[in-house]
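S.K.: Okay, handing you the structure first.
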Amino acid sequence: MRRFRHAVLLSSFVVLTALSVHPAKAERRVAFVVGNGAYRHTTTLPNPSIDAKAIAALLRNVGFDVTEGVDLNREGMMARLGEFATKTQGADVALLYYSGHGIAVNGKNYLLPIDADLNSELDVKLGAGIDVEVALDQTMADAKVKLVFLDACRDNPFAGKIRSAARTRSVTVLSGLAEMKSSEGTLIAFATGPGQTALDGKPGQNSPFTRALLNNIAEPGVEIRHALTNVRAQVSEETNKRQLPWENTNLTGFFYVNQVGAAPPTMAVVAAPRTAAGPSESRSNASNEIELEFWRSVRSSDKAEEYSAYLTRFPNGNFVTIARARLAALQASGAPRDSVESINTALATHETEEQLGLDQRKRGDIQRRLSALGYFKGAADGNFNENTRRAIERWQTVRHYPKTGYFNKLQHEALLAERLPAVRSAAPAVQRPQPAAEPQPVPAQPAAPAVDPAGAAFMGGVVGGAIGNAIRRR
C-alpha cells in the first residue's frame, strides 16, 4: 500500500512538472503578415515587403504560426485571409500586421491590394479595397487576444481622385486611416494618429514604425502596452516628433509577445489575479509603470497631439489635470506651426459637425473667422457650400488636422480660440446696427434777444445738425 501511494504521488509530480515546464504548448498563436508595395495604379512603396518579412521572422521566433504574403493583389489577399481565418478557429492569440497603402472613406478604413484602382467612392465600396473591420470580424473574432498593427498611413493620390468624383454629395476621404474602436480583448496600433500620414523610411530599410516594433515588442517579459510606449518614444525621436504612433486598446489582461521573463511565466496571456478586495497590487503597479513611461515620453513636449494621445490612452490617469492644462494652453496660445503641428483627435466628419448644432449665425461667424485668417473668400451668409468646405480644408491643412472640410468639437473650439488679425479695413462690408444713443441734455442758456422767425429756424437747424452729428460720432 505504501509503495502504491508513492507511485501515485510520483506520477502526479511528473504530470504537474510537465505542465509547468511546457505551458506554451497549450496556447495557439497565429498571425497574418502582409506587405504591399508594388502598386500598379498609384505610388509604389519600397519598404513594405522588407517590413513584412522582418515581422514574420520575429513572430515565428516567438511561437506564431504565420501566414505571410508580399505584394498581393485582391485575389491573393482574399485567399491569404481565408487561410488565416481557418487557422484562427480556436486560437488563443491572433495577430494581423499590414504594411502598405491604406485609405479612409467616411470613417471606414480600407487596406489596398496592389491592383487597387480607386476613382470613386463606389470603387472602394464594391471591393477594390479590403474593409479592415470586416476582415478582423471574419478572421479573428474567435481568438481570446487580438492584436492588429497597421503601418498603412502612407500618403497616396487616391484620396484626391475620390474627392473630385464626389462633388455632388458629401464624402470624407483621408490619405491615412481613421480612428477605430477596439472590441473586448483587442489592441489596434497605428503607425501614426487618425488622418495623419506616416513616413515610409529610406529605400531598403524598415519604416520608422516597423523598426520600432521590431526593436521593442518581443523584448523578453515586456507587456505589450509597455512595449508600445517604447515604440512611440522611439518613433517620435527618430522622426523629430513628426510622427507619433497611436493605439486603441481594450485588452482585459496582460499579454507578452515574448513571455520569457514574464511574471507569472505560465501563460503568455496573463489574467491579473483577483482577491476579495479587487485587483492585486502587482497589476496596479504594472499599470502605473506603463502610464508613467508614457507620461515621461510626452511631459516636456510642445505638441498638442502628444498630450491628446496621453488623454486618449489614460482618460483617468494620474497626470490628466496637467495634460489637459497644457493641451488647452497650446491650443489657445496661437503658437506658430512648428510649436503646435496638430491635435491628435477623433476624425472630423459630417456627423461630428452636425453634433455641434451650428445655426446660420454660428456658421456665418465661422466664415468670418476663416475670412479674417485668409482662408475664405465670399459672403459670410452661413451657407457651408463647396467654397466654405475648401476653406475649412485649407485651415485644417495648415494646422495639420485631418483634412476633411468638416469640424468636430475640438477643432471648432480651436478656431474660436484663435487670435484674429487686427481690423483689415476701415469700412467693413456689413455693419451691425448700433443701439440708439441717449439724447444728451443741453445746458440752459441765458435769455437771448428776440430774433426774427426765419433766423431762428436757420440757427435751430444748424445747432440740431451739430448735435446729431456729435451723437452719431459717439
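Coordinate-derived values only; no laboratory data. From a predicted model like this one, the values you see are computed outputs, not experimental measurements. Methodologically, a virtual Cβ is constructed for each residue, glycine included, from the backbone with ideal geometry; neighbour enumeration extends over all protein chains shown.
S.K.: Which lysines have a Cα less than 25 Å from the Cα of residue 125, not counting those fewer than 8 places away in the same chain?
M.R.: By straight Cα distance, residue 125 reaches 108, 161, 181, 403.
S.K.: Another question, if that's okay. How high is the FRET efficiency between residue 74 and residue 288 when r is their beta carbon distance and R₀ equals 41 Å, given to the nearest 0.05?
M.R.: 0.35
S.K.: Shifting gears a bit: Pull up all non-local amide H partners of residue 69: gap of 5 or more, or a different chain, and H-to-H distance under 5 Å with H placed in the peptide plane.
M.R.: Hits under the 5 Å cutoff: 33, 34, 35.
S.K.: Would you mind checking which residues have amide H under 5 Å from residue 114's amide H? H placed 1.01 Å from N; only 5 or more apart, or other chain.
M.R.: 72, 73, 74
S.K.: Can you list residues whose amide H is under 5 Å from residue 102's amide H, if they're 5+ apart or on another chain and H is modeled 1.01 Å from N?
M.R.: Result for residue 102 returns 154.
S.K.: For a quick check: sort 319, 407 by the number of other beta carbons within 10 angstrom, fewest at the front.
M.R.: The most exposed by this proxy come first: 319, 407.
S.K.: Further question: What ranking do 139, 42 get, fewest neighbouring Cβ atoms within 10 angstrom at the top?
M.R.: 42, 139
S.K.: What is the local net charge at residue 229, summed over the other residues whose Cβ is closer than 14 Å to its Cβ (Lys, Arg +1; Asp, Glu -1)?
M.R.: -3
S.K.: Oh, and also: Would you kindly state how much longer the chain becomes between residue 117 and residue 361 on full extension, computed as 0.36 nm times their sequence separation minus their alpha carbon distance, in nm to one decimal?
M.R.: Roughly 83.6 nm would be gained on extension.
S.K.: Tell me the label-point distance for the pair residue 133, residue 329, using the 7 Å Cα-to-Cβ offset, in nm and rounded to one decimal.
M.R.: Once both label points are built, they end up 3.8 nm from each other.
S.K.: At a temperature of 20 °C and a viscosity of 1.002 mPa s, determine how fast the stretch 350-417 diffuses translationally according to Stokes-Einstein, using the Kirkwood radius over alpha-carbon pairs as Rh; express D in µm²/s, rounded to the nearest whole number.
M.R.: Estimated diffusion coefficient is 183 µm²/s.
S.K.: If neighbour count is taken as other Cβ atoms inside 10 Å, put 99, 207, 300 in order from fewest to most.
M.R.: Taking fewest neighbouring Cβ atoms as first place, the list is 300, 207, 99.
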